[in-house]
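Everything on this sheet refers to the single structure shown next.
The values are calculated or read from the model by the stated rules, or taken from the named source; none is laboratory data. Since this is a predicted model, take the numbers as computed values, not measurements. Glycine also receives a Cβ, built like all others from the backbone with ideal geometry; neighbour counts cover every protein chain displayed.
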Amino acid sequence: MSKSNDKERKALAVQPQQATYDVGYRKPPSHGRFKPGQSGNPKGRPKGAKNKSPALHEERLKSIVLEEAYRTIKVNDGDKPVSVPIAQAVIRSLAVNAAKGNQRAQRLFTELLTSTERENARLHNEWLDTAITYKVEWEKELRRRERLGITDLPEPLPHPDHIVVDFRTNNVRITGPMSKEEKGEWDMWLGKKAEFEAELAELEQMLLDDPETSHLKFIEDDIEHTKKVLGIINRVIG
């Protein structure tokens with residue numbers, strides 16, 4: 001038998017389903033088809049991958065509003081463009097229209113300004129009242145501890161001595177540490193301040209003891225340097 005006859009015989013020896021199945025568009029070969037009952041995506045779509053609702057504690061719309069409000073855009077400021085948050089651009093436009101005589105813009109801008117100033121005043125008065133109450137109550141407690149000889153309790157942070165209330169301006173300043181971390185840093189700087197103050201006193205005493213010393217220039221330079229360091233420390237701790 002010739003080789004050509006042998007090839008023809010092998011070509012005819014094809015499985016019935018293979019011989020009758022057309023391969024083409026949307027008709028893959030049989031070995032590439034999904035088996036009946038078998039999913040093409042065994043793991044399936046991740047849970048909540050589509051149309052996921054926000055959790056009960058989320059306020060997604062508020063987050064979107066804030067993101068858009070503080071997204072920067074370019075606006076014209078005179079002859080040149082500047083980048084400002086959208087919220088600022090809106091308020092600027094409102095103020096400009098009010099200044100041009102637009103009555104509706106004037107009313108809206110005035111209401112917005114009034115409510116903002118009123119809220120700022122409320123927050124300021126609340127902070128002032130809280131600071132005064134804190135200072136007075138802790139001063140009473142510290143006097144009570146001193147009277148009873150109690151020394152093993154930690155001091156409050158901030159310390160009432162570090163709360164300065166200016167009753168002429170109704171302003172409050174805190175001149176000391178407000179947390180344990182700040183207290184540790186504060187104590188470190190106080191220790192360094194004491195060291196440099198002792199060093200300065202020693203250098204100045206050396207000049208008093210021997211004003212004609214041959215090391216006069218070095219001592220004066222050290223005094224100047226120490227004073228600068230003390231100035232930096234004083235600015236840090238108030």
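Each residue in region 72-95 was checked for being touching a residue at least 12 places away in the same chain (Cβ under 8 Å) and more than 25 Å from Thr110 (Cβ to Cβ), and 2 of them qualify.
Do we find a residue being without any contact (Cβ under 8 Å) to a residue 40 or more places away in the chain, small (Gly, Ala, Ser) and more than 28 Å from Arg122 (Cβ to Cβ) anywhere in region 171-182? Within region 171-182, not a single residue is without any contact (Cβ under 8 Å) to a residue 40 or more places away in the chain, small (Gly, Ala, Ser) and more than 28 Å from Arg122 (Cβ to Cβ). When each of Val164, Val172 is tested for being touching a helix residue (DSSP H, G or I) at 6+ places or on another chain (Cβ under 7 Å), surrounded by 13 or more Cβ atoms within 10 Å (Cβ to Cβ), modelled with pLDDT of 90 or more and assigned to a strand (DSSP E or B), the lone residue that passes is Val172.
Taking every residue in region 196-211 that is in the same structural domain as His225 (by TED's automatic domain parsing) and under 15 Å from Lys227 (Cα atoms) and pairing it with any residue that is of a type in the set (A, V, I, L, M) and surrounded by 12 or more Cβ atoms within 10 Å (Cβ to Cβ), at least 6 positions away or on another chain, the pairs with Cβ-Cβ distances below 6 Å are Phe196/Val229; Phe196/Leu230; Leu203/Ile219; Leu203/Ile223.
Does Trp138 satisfy the criteria of being assigned to a helix (DSSP H, G or I) and within 27 Å of the chain's Cα centre (by Cα)? Criteria not met by Trp138. Of all residues in region 73-106, exactly one satisfies the criterion of being part of a loop (DSSP other than H, G, I, E, B) and surrounded by 14 or more Cβ atoms within 10 Å (Cβ to Cβ), namely Asn102. Among the residues making up region 75-116, a single one is within 21 Å of Asn170 (Cβ to Cβ) and under 25 Å from the mean Cα position of the chain (by Cα): Thr116. When Asp166 is evaluated against the numbered criteria (1) free of Cβ contacts under 8 Å to residues at least 24 places away in the same chain; (2) in contact with a strand residue (DSSP E or B) (Cβ under 8 Å, 6 or more places away or on another chain); (3) under 30 Å from Ala95 (Cβ atoms), which criterion, by number, is the only one it fails? Every condition holds for Asp166 apart from (3). Look at region 100-123: where a residue is in contact (Cβ under 8 Å) with a residue 12 or more places away in the chain and a partner is surrounded by 10 or more Cβ atoms within 10 Å (Cβ to Cβ) and among the small types (Gly, Ala, Ser), sitting 6+ places away or on another chain with Cβ atoms under 6 Å, you get Phe109/Ala95; Phe109/Ala98. In region 205-238, of all residues being of a type in the set (Gly, Ala, Ser) and closer than 29 Å to Glu185 by Cβ, the one that is farthest from the chain's Cα centre (by Cα) corresponds to Gly231.
The criterion of being of a type in the set (D, E, K, R) and surrounded by 13 or more Cβ atoms within 10 Å (Cβ to Cβ) does not hold for Lys180.
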